[in-house]
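Student: One structure, as structure tokens, below. Some questions next.
Derivation of every value follows stated rules applied to the coordinates shown; laboratory data play no part. These numbers were taken from a predicted model, which means no experiment stands behind them. Cβ sites come from the backbone with ideal geometry, for glycine too, and all protein chains shown count toward neighbours.
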Amino acid sequence: MVCILGNLIDNIIEANIRLVNIKDRYANINIKYVENNLLINLENNFKEVKFDINKNFKTLKKEKNKHGFGLKNIKKIVDKYNGYIEMDIRDNKFITQIALILEN
């Protein structure tokens, strides 16, 4: 959970820092536990997004060889625990939805 939330919140903070106009800065984090499922929904505004040739999100940081691992690590963890992750862009917002099935 630390890896998932840490990386996602770090991405939200960095995306909001890139926004010049403070009134455009926005982030919403919603975490629910429902019937052995942990549901995580995050959304934030952003300035720009880049994709690689495989349509994966690409880091905007200058030292590219030292960055760009956060979302990949999140996907690995979600897959390891048979979870679900979806990332989308809607209404000028970057939206991440994660569902993890937790065993009793």
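Student: Extension gain Leu39-Asp88, at 0.36 nm per residue separation less the Cα-Cα distance, in nm?
Tutor: Length difference between fully extended and current span is 16.0 nm.
Student: Between Lys76 and Arg25, what is the label-point separation in nm under the 7 Å Cα-to-beta-carbon projection?
Tutor: A separation of 3.2 nm, rounded to one decimal place.
Student: Report the label-to-label distance for Lys32 and Asp10 in nanometres (one decimal), using points 7 Å from each Cα along the Cα→Cβ vector.
Tutor: The two pseudo-label positions are separated by 2.9 nm.
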